[in-house]
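Asker: Right, I'll just put the structure down here and ask away after.
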Amino acid sequence: MRPDVRPSETLDRAVVFLGPPGAGKGTQAKELARRFSAPHLSTGDMLREHIAQGTSLGQRAQPIMARGDLVPDSIVLRMVAHRIEQPDCSHGFVFDGFPRTVAQAQWLGVLLKQHGFKPPLVVHMVIDPALVLRRITGRRTCKVGGEIYNVFERPPKVEGRCDNDGGELEQRPDDREEIVGPRLAAYQKQTAPLAAYYRRLGRLRDIDAAKSVGEVGTSILDFVNEAR
Ligand code: AP5
């Protein structure tokens, strides 16, 4: 039995962020998770952690991610199943970059039911692909706490250093311009159909992700508060 660690205002369900690379899923998912003291579950971050630690899973995922393709469902599903068993997930969680295929979404539905959760709320980040190139190539992430910056749009106060903890900022290997095309293509082919899948189930809201970080965040919070 999990220990009860219920914070004052809880999500009590899963929220899914759906949208192309660079739409701002990580930026907004972290903020929403912080707002409800819920865990932020980024499958991209989990995979990068495996790569950094040199696990066998990381060794399988590394070349796939480097060319901008999706990692096989079997790897991702195992990772997610293990993660949501942890005690901090008992009152809801925020997925960032998962699910990414219809098979992953179907499997998530079953898993949530098994754990006693309602079906997920889906934040669909809508943005013109032409706008995401600048966001992706300008992104820098803190090596220590994972805070996300953008050298064009949201620079840190001190170049190359995180405002929160002074950690070094780094660029992801797949954020090179030549990898952005394959990542967008994988999104269109394998992930974009999920919007129709969740729309049919009636739990998806389109969010204009081209607006400012603050405006996007307000629209997402309104949706979650209305729907949960
Ligand atoms: P993942 O790490 O999930 O990356 P992604 O989906 O490509 O998304 P990004 O992290 O690039 O963008 P984002 O939407 O989070 O934007 P962010 O907030 O950082 O996946 C990486 C790889 O892992 C995949 O290619 C795949 O190989 C593998 N993988 C992961 N999950 C998988 C799964 N479930 N199945 C199979 N394979 C999987 O923002 C981007 C930039 O824009 C930042 O610099 C930010 O500061 C800036 N920004 C954000 N919002 C705004 C705004 N409103 N205005 C201006 N700038 C903004």
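Asker: State, in angstrom, two size descriptors of the chain derived from its alpha carbons: Rg to one decimal place and Dmax to the nearest whole number.
Answerer: 16.9, 48
Asker: Then there's this: Can you flag which of K118/K211; K189/K211; K143/K189; K25/K211 are past 22 Å Cα-Cα?
Answerer: Over 22 Å Cα-Cα: K118/K211; K189/K211; K143/K189.
Asker: Report the Cα centroid-to-centroid distance between the stretch 161-193 and the stretch 51-95 in angstrom, as an integer.
Answerer: Each part reduced to its Cα centre gives a spacing of 16 Å.
Asker: Still on this model: When the helix-only estimate is applied to the chain (DSSP H runs of n ≥ 4, each -39,500 (n - 2.57), divided by the residue count), what is the mean residue ellipticity at 222 nm, nearest 500 deg cm²/dmol? Walk me through the numbers on the way to the answer.
Answerer: Numbers: 9 runs with 100 residues, N = 228.
Roughly -13500 deg cm²/dmol at 222 nm, from the helical runs in the chain.
Asker: Given a 1.4 angstrom probe, what's the average accessible area per residue across the stretch 3-154, in square angstrom?
Answerer: Numbers: 6760 Å² over 152 residues.
So the stretch 3-154 comes to 44 Å² accessible per residue, rounded to a whole number.
Asker: Over the Cα atoms of the stretch 1-114, what Rg and Dmax result, in angstrom?
Answerer: Both quantities, over Cα of the stretch 1-114: 14.3, 43 Å.
Asker: How big is the stretch 86-198 by Rg and Dmax over its Cα atoms, in Å?
Answerer: Cα only, the stretch 86-198: 17.1, 46 Å (Rg, Dmax).
The values are calculated or read from the model by the stated rules, or taken from the named source; none is laboratory data. All of these numbers come straight from a predicted model, not from anything done at the bench. Surface areas here come from the heavy atoms of the whole protein model, side chains and all, with no ligands, DNA or RNA. Shrake-Rupley method; radii C 1.70, N 1.55, O 1.52, S 1.80 Å.
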